Structures are given as C-alpha cells and as structure tokens.
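A quick write-up on the structure given underneath.
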C-alpha cells in the first residue's frame, strides 16, 4: 500500500472528529502536576556514584600538569578522570564541519572558561565537589581570542593550531543578479547590527546516569536527551564503541530549546563509570555550569546589511554580511544556525536577488549550541530592521511597505532566491488580521498624542516566516551530510481494542504525545484514554530523531498516519472475511469496519482485532495475526543542495505578524510593553492550545533576547554571567499577556496541512520589539542596532542623541 | 554547587549563642551567624563563603517580635521580612520601612529571610540599610560584654561589613514612627521586578508653609553602603517643591556620589544618572504624600 | 566530614527522622534522603523558584535552606496535593488551562499558588503576580499560568476538587 499521507482532516476515517484539531487536555500532564514525572535527577541506580567536574578558570591556557593524588585519597572518591584518559580511550568530538572538536575533557589546553579539565566520581555530589577542589592543575596562560572581530587577524593566536586559522566556515552565497539589482536600485539602505549571545536556559539543566557494562562492553545512558539516536551515534564515535552497543534512554526533559550540554557530560559520566569498574555514574549539571559551559549559548553575531529598493517601494535585493562567533570550536553544532537562514533568507518578501557572506570564527568564549529557532531570530531582526529603515526613509508606513513586497497568495508554492520552497501562505491576510486586532489606526493616534506630551512611544510591526520540518540538506553548507530526517512510530492494537504507540522521543513540553493520542483516537474511533503513548529507548525504538527544527508535531503525525493506514489495510483484510465482503468494499469508519454500500453490515474494531489475534483460522491465507505497524516519516520532495546551497529544505513555511506598542522611559532607558498582538498562520492546528502555548512561550524568550538576556564577556574572554542574578530570564512581570488570532492556510504537502509552529514567536518577537523601540526613538534620530535593548544601551543612545547635554 | 563542609550549632538561648561565638572567636575558628540564610545560602552553595561553623539563631524565640513602643517600633532581629511586611503597625506608622520591605526580592525570600539578617549582611544593594540611614534607625547588639546600641550611620561600615564584632549578635532594630505630615518614598530602578536595584532611593520630605522644611535623601546600590546625599538635601532646603527642583536635587545628589559601582547591568555613569532619576522621582512621590 | 545532626520533621503529614550532614540543603534532603523528588532543582541559588515548598504555612525556597534549619518544621510539597479523591483543584486548573509545558517548574508554581489561594479566595491579578513573580517558567510565557491560577481560585471558591 502506498496511500499518500492525508493533508487534511477530511481524509480521516471519521464522521465525527472529536479530538484532533480541538483543544483537549494533555495526556502528559497528570504525572507533571503531581511531581511524578521521571526527570533524570529523580532517577537512581543501586551503587550509583555522583560526578562533579573541575572546569578551567582561564579562557585559553596550556595544561602543564594535573595532580589528582589528593582527590583520589579523599574518602568516598571512586575515580578521577583527566585528559590522559581521553587520549587513551576516546576520539575528539565530531563536528560540522569536521576538525573543530575537542576532547570531552581538555587535552593539552583549555579553550574557554568552564571547559571541563578533570572529573570525579564519588559517593555523593558533595564529596565529588570537595574532591575537585583537591585536584591541582598547573596552567600556562595563553593570550585569549576575545572577540570575533579580531579572530582572523594574523597576530591572533589559534584555538586549533592544526587548522591553521580561526576561520571555521567562510562562504559567499550569491543568489540571482545581486550586482544588477543593486546597480538598478533607486535607493540602497545600509546598517550594521550586533546581536549578543543569548541562550536556551531550560529550567532543568542537563543530567545523565551512565553505566558502562565492562563484561558485555555495552553502555547505557539515561539522560535528558532530546535527540536520542543522534546522541548515541555521537557517543559511539567519541567513546569508540559500536553504536548498537550504546543504549540511549531519554527521560522527560524540563525544557529543551536546543543543546543541554549533553555530549560532554555523557562522555565524562560514561568514562567515570568505566574507570570505576562499571558502577553507574550520575552527572547533574548545575546552573552555574550550564551558564558557563552547558550548551546554553547561541548567536554571537556582527551583521552588516544592504537593501536595494526601487522608487515605488519594491525591494529587489538583500545583502547580508555575517561574522559569527562560535566560541571555542564547533562541538555544539552551532554552525548550523548560520546555515538555517537560507530556508527563509528573504522572509515574507518577493526579493529577487540576495547575497549572504558568511564568516564563522572561533574564539575563547564558550562554544555555541542550538537555541530555539536555530539562527533566524537574529537574521529576522536584521531583515525587519532593514525593511523599517527603508520604509522610514521613504516615508511609507511600515505596514504598507511590507504589504507592497509580500509574496502574494497565488504565487505559492514559491521558491525564494536561497532555494527553499514555501508551501503556502497569505501574508497580507495575516498582516491585516494583526492590524485589526491591534487597532492600528488608533495606536498611531495614541502615539501622536504621546509624542505631543514628549513621551517616547513606538509601534513595531514584524512579519516573519517560520521554516518548519527541518531536513539535513538545509545544513549541507556547513558540512552536514544527508537528505531526510526520519521520525518513526510503532502502533499496535491489542485484543481488547486498546492502542499502544511507541515512539523514540520523550516528553519535553510541546505535547506531541497528546497529538498522537488525539490522532489515533479519531482514526480508530476510540476514547483518548484507550491510547497509550510510550517512550522506547534506542535499543527498541523505530528510527527517530526527536524534537528539533519545528518538526516533531508534523513528523510524528505523518508517521502515525502512515502506521494507521497500514493497520487499517490489515483490519480491512480481516474484516472482509468476517463480513463476507470484498476487500475493496470494506472500510474503517468511526471505529467500526463496515461494508461501504451496506453500512449496517459492520463489526467493531475490537472484534476485528480480537479475531485477528485469536482466530487465525478465520484469517485470509498467509495473513499474519498482527494488528500493528511501524511507519517512519520524512518530509517528501526534499532535494540535494546545489553549489550555492539551494535546495528544498524545510517542508513548511508558517507565517506570523506581530504588532506591539511600547513606551521607552527616556530617563531610565527601560522599555515597557503596552500592547502586544499576534496573528499567526501555521496551517492546520492539531491542538490549538498547544500552538498558543508555543507562541506565548516564544514571545517570552523573545522578550528575553530583545530586552534582558546577554552572556557578557570581558575583553579578556572572561564570562561575567554565571548565575541567574546576571542572566535575566523574564518573569511574569516582564512578559506581555498577548492577544492572539489564528489564521489557517493549510500546507498542501504536510500531514493534515499542519506546519511547524514551535519557533515562530522567537523568530518574530525580538525583531518587533526592537522595531517598536526604534519607532519610539525615531524623533531623536537614533536607532537600536544592538541587542538586548537594555536600559543602559537605550539610555546611552538617548544621551548621545541629546548631545551629552546632561551628562548625568 | 554544594556547600563545603561546616559544623553547625543551634543554641537554645541568646546567652548560649554569644557564649558559642566567644568560644570560636577565642579558638580562632571562623564562625558565621545563620539567620534566615537567604543571602548566605547561595554564597555557601557557590563556595564563596566557607565558614568553619554556622551558629543558627532559629531557636531564639526571644528575637521574634514587632513591638509598638509608642514613638518607636522595635523589631526582633529574627523576625521574618514577611512578618514585617504583614505588620499593620509598620505599614501604618512607618510606611517607608514597609515599602522598603516590599521591594526585597520575592515573597518566598521574604518569608524565610529575617529583618536582622539583612542588616547584618549589609549588601550594598539591600533595601534595609538605606531605610535605616533614612530613618536614623538604631541597632541593638549583644555580646559577651553586654548590650550596646549602634546608630545606622556607624553600623554600616562598607561592603558586606558592619560594626558588629564577631562575638556580637544583632538582637533588635529600632525605628521612629513617621512624624505626622512627613512625605516618604522608597523606590528603586531594577532590570526586572524583584531584582537587586540598579539604583534606589529612600526619601523623607517635610513641608511647612508650602516650602520644604526638612528632607532626608538616601540612595543605595551605587556604593559599598547606602549613602545619604547632603548636597541633594541642601538644594531642597527652604525651597518650594516642584519637578524642576527635584531634578536639580537629584543631579546634585548624583554628582556627589564617589565612584559608583559598575557591573554587567549598569556602568558607573549610568548608575550615577539613575541616582538623579530615582531621587527626583522619590522626592515627587514623597511630596505627594506630605502635608504641611 | 562534619558531625551528623538529627533532623525530625513532618512532610505532607508524615513524620521523618534522618541524620544528615549540616551542609545538606533542604531540597537535597527532600529529594535524596526522603525520596520526595517532586520538588525540583533549577538554580540552587534562589532565583528560579522550582524548589518552592510550603514551610509552616508559607511558600519558601528549599534550596535556600539547610535541612538542619527545617528541624521540627511542617513541610508541604507537591506530593501532598493530590489525595484519594483525585487532584487538588490547583493541579486540575493547571491541566485545564495548559498552565504547563515541560512541567519542570510546575511544582514550584503549584506550591506558590496553593499558599496564595489558601490565604485569599479571590486574589486580584496583582496579588497573583506577587505570589508567583519569583517563579521562572521558560516554556509557557506565563499567560496560561495566570489563567490557571484564576481558574484555580474559582474552583476553590466553588469548593470543588476534581
């Protein structure tokens, strides 16, 4: 059977859709609200040891010697691990591109503050930390590479001497006749931007419990893993084990949003287990470790951009120059975040030609890791700021300016210059909805009144694309091979008609288990309570990837639908015997197998399955007694990239428009959000409250990136942020309660027409908040071009605009 | 992030506590008093504080009280901030201290943090030291040689340092009730609600015949201790209140700050500027509450 | 190792007694000594609120306290909310309003909310913000949490569990 995966609810075998597409309570929640969910730090094994890690206090230093004898002598210490063990047992971590990965404990030299240098396994975490203090490390300080802007200078020291340069990736992408459109442009606008480091900061840090079975030479790693199979492959490479001897057991995660520092922690705990005779070793990263080195840092960027515009306001060309600071190597796959903007480089607009000049460098800051959105939030800030700059200079309302340049509804599917294809959309409708919800005309009037009183009130509008359902091909430009990302599910129905679905990813907060249950309940006509969704580890799971790239809701739906189709064929074959009707005449509808032209001839699903499993004598010749199926889905129609990186990468293109009203306090530089509205079109909504939660959560993280959060480093590459007193995550008092409107332009290609929706708001919120602040500041003639727009930064701009009149 | 080892004592009486402190002092053992622990615990977990001994005062029921002494309110040092926050006596008769309390961290911090703990910890960004200087509060300490009373001006010495001896326990803080007609304000400018202030001000303002007869301007989070700003008070004296005057006072006050603190959130310049803003705003608020 | 100290306390109505090192934090004590792992650890320096519990009737941070300080105390944790009759109305409200995503911060929010609603039946938005303003959620953006607390208040006024 090669049934196409349905792209709308109409194809479901039900006349009364009760669950999918509707707001239902999440099946995940009972264990979470009672404190029973097995987060990794709740998990223990007999005889378990606890790991603490000694980290480098220096950004760049040669390790001259390590003396672990005092630590080893401390009662309760079972093993101490250093770089020597790494060299004996391990490979450096794999990276994209290759060759920019260190060992999991520093070997030879440390490249950032917080880099693991040695580790201890002891009977308690308290003792392990005591032991770390007893390890003596002799360092020889090396001059640090403190900032991307100097990383490529000839006099600058090298992080990876063998590579001969600090340049990880240098590419110039030209799509279309860039020179031509810039030469023909009536106006060219230019600006520079600085996006400072932010990061995921889930409330749960990374943790794992690893046990090396020395007899069978197998490794089992329990942990807060968001991409279990990928983690297993990486560990196999580093730890020199066959991948099928590593079982990755993912636990529910207290938020993900990107890397949680898993690889190094897992390697270290695994090797400590090996070194302590196979005892299980728990490593729980603490918040300081997370903030210094735990995979929480992303997007450290310098941009310069140019926009080519015709006199009639048509934008024809976009050039973006990016200098990206990856920190100390490519171990966190942060390079991917530089490639991802190709999937939506020119945003919502018909821009015919574009250029992307990229330099990705390493410095002695902490390595860069993925963070929600994986790259576009800064890119969108640049693009939307350039649109605003052009609109302001041309005297056109920013809403109107965007409207003129939107890709039009009849143009879909639409291929953008950087190669990706947008599946569907109606951007003008989204804009109009947002403007209507905001009461845009009244907002402008309100702004005029406020300005007359001397207040700095601004309105921001941002329109963005959220590429959804990622594919490896999108990242080929930084050296990631492959096309297609599998997501699998195994579904079985038991004798009583109860359904179990096994998946390869664990809970992280997005509610995908609920979506699976909604879908199966409607497909088979049962209550959601009759469906169980069960996590399976990499020893048992079907091919899978897990959360990442705004794809899992769509991908797991595709997999589930495929499995449902296969099971349905089996049910129909069995039912055709029981109903004495030809196979073609038998259908599944509303939980019964029935004859199409004779609907009264029907048997409930459970009876059919019961007959299949208990009455093989009734089954057609050769049919197995099996009401189960495994199905693995990947986005259809993806293509390999050409020499300019162009390919069909992300399957879906969701679209959002945010409109906000802010007031900037001229005396303090503080921004207050007065109104925030969102119109969002992510196609079919499989569970509308899940979608709203994704949007609002993205807004919160966007507020953080735009106004509060920053990993601050000194000129010597020393981090100044290591606690939540300094890294300012928004609380309820900083996040606006938003008004939201849903538009639905289904994807013609994706399962049930749903689009990836987990990252749209963080793609948009930083851009729209900065736009609003800039609108507020525009009477002063200054603009924010660096994030976050902290009180200090904004006040400095205001002061410069006022010509230093009052220096205090 | 686990504390280094220490020994622990929870004496049953104030006398026992003082005796213990004296003993450790004699022996050269570094002992630290544990009150609510809301500032000390992170320092222990980060291992930036590594006392050999903690002397926990939690059993000293005798230090839990808020007492109305007519013109004075006395608070036992182990009283929780939340108890202070919920005290009608404090809210009604010394609203500046009440507002200072409401600016401290978040509710669960105030529930376990003690009033005395904040005074003894003397964080530059803490609210109570500023209130103490604004209100000329008096701190009662008891040591091996008996009790003594220390005025706020002498109590706060420098960053995380008070006049308390290693063998003394802060037992009580005393404040006058607000004089009738006096306007007050306690406010701060911070990145997020509940964060340590970038700059804060405690202000008192008295009016007579439409003019400012007296004022008290204290700022915090900008120097090693909260500081009184006589230059600002000087600008105000005898003048008719108004926004321009308050701004001028703020600027004058800010100008006399020596070397403001700089950190990741605000440079020294910015802090100095914020002092002028928070003082001006505090004065305006105090004026709105003043009668006379 | 420092001398061990005896800690006797009540958690969710049950008495416990253990000997612990004085340096052990209360949250580690609850989680690792008593096996009550519903109280989570997010920052260990008192900012995130994930470890919020109720001590002697008031919401406090279990990471900012030593186990020895809780000797003699009466504690309540998330494990004590649901009873034989089902979920606590606050838990039910968080489910119905999608007031959680990953759920890691949720026990802290629940305990802050329970303390609030046991003291006041009709809190205004400002009171709610004061009660949960020290709890960080990185997933929801707080809107559904605010709605959850409002619904929980409604449920508790109506005296309904689940």
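Quick notes on this structure:
- One residue alone among A:694, A:725, A:737 is over 24 Å from the mean Cα position of the chain (by Cα) and within 10 Å of chain C (Cβ to nearest Cβ), and that residue is A:725.
- Residue count, the stretch A:568-606 (criterion: buried (at least 17 other Cβ atoms within 10 Å of the Cβ), touching a residue at least 60 places away in the same chain (Cβ under 8 Å) and more than 11 Å from residue A:13 (Cβ to Cβ)): 1
- The single residue among A:318, A:342 that is touching a helix residue (DSSP H, G or I) at 6+ places or on another chain (Cβ under 9 Å), part of a strand (DSSP E or B) and closer than 23 Å to residue A:656 by Cβ turns out to be A:318.
- Restricted to the stretch A:759-789, and to residues there that are part of a loop (DSSP other than H, G, I, E, B) and closer than 19 Å to residue A:676 by Cα, the residue that is farthest from the chain's Cα centre (by Cα) is A:789.
Here's the yes/no breakdown for (1) surrounded by fewer than 24 Cβ atoms within 10 Å (Cβ to Cβ); (2) in contact with a strand residue (DSSP E or B) (Cβ under 6 Å, 6 or more places away or on another chain):
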site	(1), (2)
A:345	no, yes
A:353	yes, yes
A:367	no, no
A:394	yes, no
A:410	yes, no
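- Search result, residues across the stretch B:37-53 that are within 23 Å of the chain's Cα centre (by Cα) and more than 16 Å from residue A:129 (Cα to Cα): B:37, B:38, B:39, B:40, B:41
- Counting only strands (runs of 3 or more DSSP E) that sit wholly inside the stretch A:147-248, those with at least 2 residues that are under 23 Å from residue A:299 (Cα atoms) and touching a strand residue (DSSP E or B) at 6+ places or on another chain (Cβ under 7 Å) are A:167-175, A:187-195.
- Note on the stretch B:1-41: residues that are within 12 Å of another protein chain (Cβ to nearest Cβ) and either out of contact with any strand residue (DSSP E or B) (no Cβ under 9 Å at 6 or more places or on another chain) or modelled with pLDDT under 95 (or both) amount to 4.
- Qualifying strands (runs of 3 or more DSSP E) (wholly inside the stretch A:521-628; at least 3 residues being within 28 Å of the chain's Cα centre (by Cα)): A:531-535
- Every listed requirement among (1) buried (at least 24 other Cβ atoms within 10 Å of the Cβ); (2) within 12 Å of the chain's Cα centre (by Cα) is met by residue C:115 save one, (1).
- So residue A:476, is it outside the structural domain of residue A:654 (by TED's automatic domain parsing) and touching a residue at least 40 places away in the same chain (Cβ under 8 Å): yes
- If the condition is being in contact (Cβ under 8 Å) with a residue 40 or more places away in the chain and over 19 Å from residue C:54 (Cα atoms), then the stretch C:81-91 contributes C:85, C:86.
- In the stretch A:721-745, the residues that are assigned to a loop (DSSP other than H, G, I, E, B), surrounded by fewer than 20 Cβ atoms within 10 Å (Cβ to Cβ) and touching a strand residue (DSSP E or B) at 6+ places or on another chain (Cβ under 7 Å): A:744
- In the stretch B:196-215, the residues that are part of a strand (DSSP E or B) and buried (at least 23 other Cβ atoms within 10 Å of the Cβ): B:199, B:200, B:201, B:202, B:203, B:204, B:205, B:212, B:215
- Residue in the stretch B:57-79 that is nearest to residue B:120 (Cα to Cα), counting only those that are within 13 Å of chain C (Cβ to nearest Cβ) and surrounded by fewer than 21 Cβ atoms within 10 Å (Cβ to Cβ): B:64
- Listed conditions (1) in contact (Cβ under 8 Å) with a residue 60 or more places away in the chain; (2) within 26 Å of residue A:250 (Cβ to Cβ); (3) outside any strand (DSSP E or B) are all met by residue A:466, apart from (3).
- Look at (1) at negative phi; (2) in a loop (DSSP other than H, G, I, E, B); (3) more than 30 Å from the chain's Cα centre (by Cα); (4) modelled with pLDDT of 95 or more and you find that residue A:47 fails only one, number (1).
- Scanning the stretch C:44-100 for residues that are under 20 Å from residue C:15 (Cβ atoms), within 11 Å of chain A (Cβ to nearest Cβ), touching a helix residue (DSSP H, G or I) at 6+ places or on another chain (Cβ under 7 Å) and part of a helix (DSSP H, G or I) yields a count of 1.
- Members of the stretch A:23-44 found to be assigned to a loop (DSSP other than H, G, I, E, B) and in contact with a helix residue (DSSP H, G or I) (Cβ under 9 Å, 6 or more places away or on another chain), listed by number: A:23, A:24, A:25, A:26, A:27, A:28, A:34, A:35, A:36, A:37, A:38, A:44
- For the stretch C:8-43, residues that are more than 11 Å from chain A (Cβ to nearest Cβ), within 16 Å of the chain's Cα centre (by Cα) and not in a loop (DSSP other than H, G, I, E, B) total 4.
- Test: residue A:230 is surrounded by fewer than 24 Cβ atoms within 10 Å (Cβ to Cβ), under 18 Å from the mean Cα position of the chain (by Cα) and not assigned by TED's automatic domain parsing to the domain that holds residue A:503: yes
- Between A:643, A:621, the distinction of being without any contact (Cβ under 8 Å) to a residue 40 or more places away in the chain, within 30 Å of residue A:482 (Cβ to Cβ) and surrounded by fewer than 19 Cβ atoms within 10 Å (Cβ to Cβ) belongs to A:643 only.
- Search result, residues across the stretch A:58-98 that are part of a helix (DSSP H, G or I), in contact (Cβ under 8 Å) with a residue 24 or more places away in the chain and more than 22 Å from residue A:280 (Cα to Cα): A:70
- Of the residues C:148, C:144, C:122, the single one that is away from chain B (no Cβ under 14 Å) and part of a loop (DSSP other than H, G, I, E, B) is C:122.
- Count of the stretch A:292-315 residues which are part of a strand (DSSP E or B) and over 26 Å from the mean Cα position of the chain (by Cα): 5
- Strands (runs of 3 or more DSSP E) fully within the stretch B:71-151 that include at least 1 residues being free of Cβ contacts under 8 Å to residues at least 40 places away in the same chain, over 12 Å from the mean Cα position of the chain (by Cα) and more than 27 Å from residue B:232 (Cβ to Cβ): B:138-143, B:146-151.
- Hey, residue A:705 crowded, with 23+ Cβ neighbours inside 10 Å and touching a helix residue (DSSP H, G or I) at 6+ places or on another chain (Cβ under 6 Å) or not: yes
The values are calculated or read from the model by the stated rules, or taken from the named source; none is laboratory data. Values in this document were obtained by computation on a predicted structure and should not be read as measured data. Glycine also receives a Cβ, built like all others from the backbone with ideal geometry; neighbour counts cover every protein chain displayed.
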